[in-house]
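Report on the structure given below.
The values are calculated or read from the model by the stated rules, or taken from the named source; none is laboratory data. Computed from a predicted model, the values in this text were never measured in an experiment. Methodologically, a virtual Cβ is constructed for each residue, glycine included, from the backbone with ideal geometry; neighbour enumeration extends over all protein chains shown. These accessible areas exclude ligands, DNA and RNA; they are computed on the full protein's heavy atoms, side chains included. Shrake-Rupley method; radii C 1.70, N 1.55, O 1.52, S 1.80 Å.
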Amino acid sequence: MKDYDLHGIKKIEYILDYYKLPIVLSIIIIYIFCSLSYKLITKKNTLLSVAAINIEISNDNIPKFSDDYLLNRNFSSKKYNVNFYNNLISEGNPNDGASYEYAYASSMKLLALMTDKTLDIVLMDEKAYQTFSNNEYLYNLYDLNLSENTTNKQDAILISSPHFSDEIYIGIIQNSRHLEEAVQYINYLINVL
């Protein structure tokens, strides 16, 4: 019996019996191609990465540090994003197990971000600032014409804000890939906070 003699359900059964593997492989290849295409089309570009170290920023205020900045710069939130890492701790008390473990994990995350050159800005308290400054992780702001309210070493800007209980330091990580955007971000924070 030839395949052109078959009609209806018999023809479908014949095709499935003899061409099942090529059909399944074709469907898998089409699915993979469509999935990769979708991811490529909808992928967001990271404009900046910001970390809050030893300071607490409420979830209600986080958009001020990310989405509002994109609006201020007229960037679409569909194409761009600002990665914001909140509640990181630079040092913990070794006698407090949970706190110390969280501080260790936060330190490892910060180190990984800096090594990978994906961290640009740090918002920190005085203790974290001393650690970052002493280890020379911060970029010299004098070279970037950001000399207003800078620290003595000119590697961070000191800001007092009603959003925070203490003064905060804002610094740019030494190996930041987005240096020009980081300067824009600091100017934005100075005006907003």
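What to note about this one:
- Residue match in region 156-164 (condition: open to solvent by 10 Å² or more (accessible area, probe 1.4 Å) and in contact with a Gly (Cβ under 8 Å, 6 or more places away or on another chain)): no
- Some residue of region 106-129 being over 18 Å from the mean Cα position of the chain (by Cα), within 21 Å of R177 (Cα to Cα), in contact (Cβ under 8 Å) with a residue 12 or more places away in the chain and in a helix (DSSP H, G or I): yes
- Pairs linking a residue in region 49-75 that is within 28 Å of A103 (Cβ to Cβ) and open to solvent by 40 Å² or more (accessible area, probe 1.4 Å) to a residue that is of a type in the set (A, V, I, L, M) and not in a loop (DSSP other than H, G, I, E, B), with Cβ atoms under 6 Å and 6 or more positions apart or on different chains, are N54/M124; N54/A128.
- Residue satisfying all of: in region 89-105; part of a loop (DSSP other than H, G, I, E, B) and modelled with pLDDT under 70; nearest to S66 (Cα to Cα) among these: G92
- Selection from region 140-152 of residues that are open to solvent by 80 Å² or more (accessible area, probe 1.4 Å) and over 20 Å from D125 (Cβ atoms): Y142, D143, N145, E148
- The one condition from (1) within 19 Å of Y85 (Cβ to Cβ); (2) touching a Gly at 6+ places or on another chain (Cβ under 9 Å); (3) open to solvent by 20 Å² or more (accessible area, probe 1.4 Å); (4) free of Cβ contacts under 8 Å to residues at least 24 places away in the same chain that Y137 does not meet is (4).
- Applying the set (1) buried (at least 19 other Cβ atoms within 10 Å of the Cβ); (2) under 10 Å from L88 (Cβ atoms) to A105 leaves exactly one unmet item: (1).
- Condition check for D155: under 15 Å from D125 (Cα atoms), in contact with a strand residue (DSSP E or B) (Cβ under 7 Å, 6 or more places away or on another chain) and among the charged types (D, E, K, R): yes
- Region 131-144 - residue that is under 20 Å from N187 (Cα atoms) and in a helix (DSSP H, G or I) and, of those, modelled with the highest pLDDT: L141
- Screening the candidates Y142, Y169 for the property of being among the aromatic types (F, W, Y) and under 21 Å from S58 (Cβ atoms) yields one hit, Y169.
- For K79, the conditions (1) touching a Phe, Trp or Tyr at 6+ places or on another chain (Cβ under 6 Å); (2) open to solvent by 100 Å² or more (accessible area, probe 1.4 Å) all hold with the exception of (1).
- Among the numbered conditions (1) modelled with pLDDT under 80; (2) in contact with a Gly (Cβ under 9 Å, 6 or more places away or on another chain); (3) among the hydroxyl-bearing types (S, T, Y), the only one that S147 does not meet is (2).
- Of all residues making up region 34-48, the number that are open to solvent by less than 50 Å² (accessible area, probe 1.4 Å) and under 18 Å from the mean Cα position of the chain (by Cα): 2
- Scanning region 70-88 for residues that are of a type in the set (S, T, Y) and either over 24 Å from A112 (Cβ atoms) or modelled with pLDDT under 85 (or both) yields S76, S77.
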